[in-house]
Amino acid sequence: MSEYLFKDILLETKDGEWGKGEPGEDLVRMKVIRGTDFEAVRNFRLDDVPERFIPRHIAERKSLKPYDILLETAGGTKDQPTGRSVILKPELFNKTDLPITCASFSRFLRVHSDIADPEYIFWWLQYMYESRRIEVFHVQHTGVARFQYTLFATTTSINLPPNDEQREVVRLLSCLDKRIELNQRMNKTLEGIAQTLFKSWFVNFDPVKAKAEGRKPEGMDEATVALFPSTFIESILGPIPKGWAISEIGKEVEVVGGSTPSTQEAAYWENGDFYWATPKDLSKLKSPILLDTERKITELGVRQIASGQLPIDTILLSSRAPVGYIALAKVPTSINQGFIAMKCTKELSSYFVLNWTYHTLEEIKARATGTTFAEISKSVFRPIKVIVPSKSIIQEFNSIAKPIYDRIAENDLNISSLMNLRNLLLPRLISGKLRVDKVSETVEALAL
């Protein structure tokens, strides 16, 4: 191991730049990565990264390169301190023709590759952040929390193993990361398939249109084709397939809310057997499946919640601050006041209602009102119109959708296991307490 001050392993480091929103003379259009973009950037996504216009002389000095590391230096919260980091892989630069820089609440770190592997330094920064060792450099003065980078870089030492050992640590952790990323991408694809099918059948009525025009619907067997009518009827929502009906969502599902049990009894919240969800739990989901929550409560606590314990396959919709987080609960769950929950006890299945909620979300948000924050009440939500297909078509949709969402849930469990393993190995590998060759074969097998 060789010990360095953090500042001594860098070739260059500079604060970010925000620039201007409009083009102008001698301004360069650039992608500007904010702290909120770190997760997307880590997965090679730049679609939502804003484009800004930076003075040319600054753009030339602050254009980023592959394997630069971005370090968040401002904007953290009590629950999420500053000091998060992301490494820019070469694949990211293939996603845009524009030069890339970082926003003013971050800075870039360019590692001296003769001294350290940049990816090893990224994992070391992850270790420092996850272990909260970096938190001593987080300060809150007025409204914005800041990371004291200069103090960190000039006082923090890093012990570096030989370069080949650094690369082995990187290889092992990246192996887990790539498997996690693959599962996440697979889930996005699966979710897209389900939503596309729902839109085709129940929004665009593609099979019915095809039959009305004398064509066979694409990608369907004869039995499925036979389930769909070949004509339309008029309704208050416009033409709908014959035999289908217009109803209100509150008449087709049981719409319930929740409440928060008393915190006077600590036992309500410690080592509980039941899940209790807030919109914050949904905001962290990478897929529409809720498998776990941050807090669990005892049975006694559950009895104090107005909605009681919601069954598996309940649809959860955050109804305020903000409106629009959606999930399919795959564990028995109780909820706080920030939700509308839909128990699917009639003909409309959970998979149908989940996709209906996604499709209807803009209308749901438009009905929300409030001065401090937008909120939609159960009484305003219940009358929203829903097209109810025939029972046989709903069952056919379920037969396709259920395996899709089961696979998403399975992938989520796998992602969670891989993340837990990565978080377990990270401090031990970085600190040198665990040698790569002791776990390499096992990790590679798990990541296949």
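The values are calculated or read from the model by the stated rules, or taken from the named source; none is laboratory data. The structure displayed is predicted, hence computed values, not measured ones. Please note: Cβ atoms are built from the backbone with ideal geometry, for glycine as well, and neighbour counts cover all protein chains shown. What goes into the accessible areas is simple: the full protein's heavy atoms, side chains included, and nothing from ligands, DNA or RNA. Shrake-Rupley method; radii C 1.70, N 1.55, O 1.52, S 1.80 Å.
Consider Ile134 carefully, then state whether it is touching a helix residue (DSSP H, G or I) at 6+ places or on another chain (Cβ under 6 Å) and not in a helix (DSSP H, G or I). Spelling it out, it is not the case that Ile134 is touching a helix residue (DSSP H, G or I) at 6+ places or on another chain (Cβ under 6 Å) and not in a helix (DSSP H, G or I). Restricting Pro162, Pro99 to residues that are closer than 24 Å to Asp37 by Cβ, at pLDDT 90 or above and open to solvent by 30 Å² or more (accessible area, probe 1.4 Å) narrows the list to Pro99.
Matching residues to (1) closer than 30 Å to Met1 by Cβ; (2) open to solvent by 70 Å² or more (accessible area, probe 1.4 Å); (3) free of Cβ contacts under 8 Å to residues at least 12 places away in the same chain:
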| site | (1), (2), (3) |
| --- | --- |
| Arg167 | yes, yes, no |
| Leu172 | yes, no, no |
| Asn183 | no, no, no |
| Ile193 | no, yes, no |
| Thr196 | no, yes, yes |
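Do we find that Leu125 is in contact with an Asp or Glu (Cβ under 9 Å, 6 or more places away or on another chain) and either open to solvent by less than 60 Å² (accessible area, probe 1.4 Å) or acidic (Asp, Glu) (or both) in this structure? Criteria not met by Leu125.
Of all the numbered requirements in (1) closer than 28 Å to Leu285 by Cα; (2) at pLDDT below 95; (3) not hydroxyl-bearing (Ser, Thr, Tyr), Gly432 misses one, and that requirement is (1). Residues in the stretch 137-158 that are touching a helix residue (DSSP H, G or I) at 6+ places or on another chain (Cβ under 7 Å) and not aliphatic (A, V, I, L, M) were compared, and the one that is surrounded by the fewest Cβ atoms within 10 Å (Cβ to Cβ) is Thr154.
Condition check ((1) closer than 17 Å to Leu426 by Cα; (2) in a loop (DSSP other than H, G, I, E, B); (3) not polar (S, T, N, Q)) across all residues:
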| position | (1), (2), (3) |
| --- | --- |
| Arg110 | no, no, yes |
| Ile115 | no, yes, yes |
| Tyr120 | yes, no, yes |
| Met128 | yes, no, yes |
| Ala153 | no, no, yes |
| Ile158 | yes, no, yes |
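Of the residues making up the stretch 198-212, those that are under 23 Å from the mean Cα position of the chain (by Cα) and either farther than 30 Å from Asn414 by Cβ or open to solvent by 20 Å² or more (accessible area, probe 1.4 Å) (or both) number 1. Just one of the listed residues (Arg45, Arg52, Arg34) is within 26 Å of Asn187 (Cβ to Cβ) and buried (at least 16 other Cβ atoms within 10 Å of the Cβ), namely Arg34. Against the condition of a type in the set (A, V, I, L, M, F, W, C) and loosely packed, with under 13 Cβ neighbours inside 10 Å, how does Leu27 come out, does it pass? Taking the combined requirement at face value, the residue does not satisfy it. Out of all the residues in the stretch 330-339, is one or more more than 23 Å from the chain's Cα centre (by Cα) and among the basic types (Lys, Arg)? The answer is no, given that none of the residues of the stretch 330-339 is more than 23 Å from the chain's Cα centre (by Cα) and among the basic types (Lys, Arg).
Every residue in the stretch 240-253 that is open to solvent by less than 70 Å² (accessible area, probe 1.4 Å), within 38 Å of the chain's Cα centre (by Cα) and not aromatic (Phe, Trp, Tyr), please. Within the stretch 240-253, Ile240, Pro241, Ala245, Ile246, Ser247, Glu248, Ile249, Gly250, Glu252, Val253 qualify. Here Arg185 fits the description: part of a helix (DSSP H, G or I) and at pLDDT below 95. Taken over the stretch 206-221, the criterion of being under 18 Å from Glu396 (Cα atoms) and at pLDDT below 95 is satisfied by Lys216, Pro217, Glu218, Gly219, Met220, Asp221. Suppose the filter is outside any loop (DSSP other than H, G, I, E, B), at pLDDT 95 or above and more than 16 Å from Ile289 (Cα to Cα); does Val353 pass it? No.
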